[in-house]
Amino acid sequence: MIPRRYQPWTIALIIFAALAFVATEVDARAGRGGSFGSRGVRTYTAPPATSTAPKAAAPIQRSITQPSTATSGQAAAGRTATSPGGFLGRPGFLGGLAAGFLGAGLLGMLFGHGLAGGLGGLASILGLILQIGLVLLVARLIWSWWQRRNQPAFAGAPRQGAYNFERTSGTQGGASMMPAMHGEVTIEPADYDAFERLLTEIQVAFSNEDLDALRQRATPEMLGYFAEDLTENASHGVVNKISDVTLVSGDLAEAWREGNAEYATVAMRFSLVDSTVERSSGRVVDGDATQPVEVTELWTFRRVSGGQWLLSAVQQA
């Protein structure tokens, strides 16, 4: 039994350890699991949900595109997403809930007032509910993390049939992709092939720290973000290693035209082997060098009419 006077400290340490455990998962892939880039006039508008990404996409956190007056409500969401505050401020993690009652409740508990002690005049029953809610939330986060870390490998998944785009029956038991009309933009089978190819080539180029290869496949804005990430890795003496990138499924969320530019946002679920290693020794310091993990992201591609597609934005699903 833990002495009563030490129980608040023990509970606080357990909760903080659990939160740190969840937060230490590092995304070594291109973009590091963030949401950044530009989607033209739709930068601060969430892409439509798809069967591959049924949940709302994370808002853009970094972009050179400034919110317009006409999208002031969307702009507020974008500015909130970029607010600092460490991992507790990250969209998709605990957000305002963690920053709010963790700050009040845990500090109150540390000083012997219980988890809800720092919330002032609220009834004790509310404090109990908050405690239970926090424990359940942490448990759910840990369980989700454990599931992601133990996803089965998809290295043997066939390439044909990975996309769910506008399909018709094939002549030999397979499936063929039909052109998808979105306003003035038609997405052809060759475009779907380009999206899948860019998914793999960009991840490999990031792993190889090949800025020239990234320059040929991403917009200048995205290239700048990738360069920042690679520079940070170099300063810490580590390198991201990515391999066995395999598309599992994909959906076209939307496609549109702005002037002479065309955009297409694609929801893609893919598997990859993702790890961070020391440059000097090759020792794995984060991730797993053998076990694939599965990721779902929305990638937006941009091209000048008649040109090649370039990665313009990445959002977490």
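The values are calculated or read from the model by the stated rules, or taken from the named source; none is laboratory data. What you see is a predicted model; the values in this text were computed from it and never measured. FYI the Cβ positions are ideal-geometry reconstructions off the backbone, even for glycines, and counts take in every protein chain you see.
Is it true that residue 248 is surrounded by fewer than 21 Cβ atoms within 10 Å (Cβ to Cβ), at pLDDT 95 or above and touching a Phe, Trp or Tyr at 6+ places or on another chain (Cβ under 7 Å)?
yes
What about residue 280, is it more than 17 Å from the chain's Cα centre (by Cα), among the small types (Gly, Ala, Ser) and either over 24 Å from residue 47 (Cα atoms) or not in a strand (DSSP E or B) (or both)?
Yes; evaluated as a whole, the condition is true for this residue.
Filter segment 256-278 for residues that are buried (at least 19 other Cβ atoms within 10 Å of the Cβ) and among the acidic types (Asp, Glu); which is nearest to residue 245 (Cα to Cα)?
Per the criteria, the residue is 274.
Kindly indicate which of 209, 228, 232 is assigned by TED's automatic domain parsing to the domain that holds residue 60, free of Cβ contacts under 8 Å to residues at least 60 places away in the same chain and not in a helix (DSSP H, G or I).
209
Yes or no, residue by residue, for (1) farther than 21 Å from residue 54 by Cβ; (2) surrounded by fewer than 13 Cβ atoms within 10 Å (Cβ to Cβ); (3) hydroxyl-bearing (Ser, Thr, Tyr); (4) without any contact (Cβ under 8 Å) to a residue 24 or more places away in the chain:
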{"site": "280", "(1), (2), (3), (4)": "yes, yes, yes, no"}
{"site": "284", "(1), (2), (3), (4)": "yes, no, no, yes"}
{"site": "293", "(1), (2), (3), (4)": "no, no, no, no"}
{"site": "300", "(1), (2), (3), (4)": "no, no, yes, no"}
{"site": "305", "(1), (2), (3), (4)": "yes, yes, yes, no"}
{"site": "308", "(1), (2), (3), (4)": "yes, yes, no, no"}
{"site": "311", "(1), (2), (3), (4)": "yes, no, no, no"}
